[in-house]
1. Grab the DSSP H runs of the chain that are 4 residues or longer, score each as -39,500 (n - 2.57), total them, divide by all residues and round the 222 nm result to the nearest 500 deg cm²/dmol.
2. Helix 81-98 versus the longest principal axis of the chain: what is the Cα-based angle in degrees, 0 to 90, to the nearest 10?
3. When only C-alpha pairs under 8 Å and at least 6 residues apart count, what is the relative contact order of the chain, in percent?
4. Bin width 10 Å, alpha-carbon pairs only: give the P(r) of the chain as whole percents, running from 0 to the bin holding the largest distance.
5. Taking the Cα atoms only, what angle lies between the long axis of helix 121-135 and the longest principal axis of the chain, rounded to 10 degrees?
6. Quick check: the angle from helix 104-116's long axis to the longest principal axis of the chain, C-alpha only, nearest 10 degrees?
7. Say each of residue 43 and residue 118 gets a label point 7 Å from the Cα, pointing the same way as Cα to Cβ; how far apart are those two points in nm?
């Protein structure tokens, strides 16, 4: 089901990832305030910034462990679309939660803005996973 304010399924899924202890109305309030802050700071459509941030943070490749002949190999695997979005949402929310000294809406807004510019901790996390997949490309034939 799409969310009531933006009529977007992606925003509804983000709210569900943001929610803790079943408090959906609190999560909705946080995300809507964050999107308002994003619109205020960037002077652009907040939903476009939100979608761009998710697209930038979503990984293309990840590594999966596979045991072959007594050895564990990190095998690079292409990430499917639903998992891409889930990982991107999880990383953005996780990084925003780790920031200190501000309300969650402000931390989330800052992380969305930096991710839309291809910067920040969530992008660094994506790049580390990409780098690991590239380093283990030699084991791709085990997939």
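Laboratory data are not the source of any read-out in this text; all were calculated from the coordinates shown. Computed from a predicted model, the values in this text were never measured in an experiment. Note that we place each Cβ from the backbone using ideal geometry, even for glycine, and neighbour counts take in every protein chain shown.
1. On the way: 6 runs with 87 residues, N = 143.
Computed mean residue ellipticity for the chain: -20000 deg cm²/dmol.
2. Approximately 60 degrees, to the nearest 10.
3. Numbers: 179 pairs, mean separation 39.4, N = 143.
About 28 percent, as a whole number.
4. P(r) over the chain, rounded to whole percents: 12, 38, 28, 15, 6, 1.
5. Around 10 degrees separate the two axes.
6. Once rounded, the angle reads 60 degrees.
7. Inter-label distance under the simple model: 2.4 nm.
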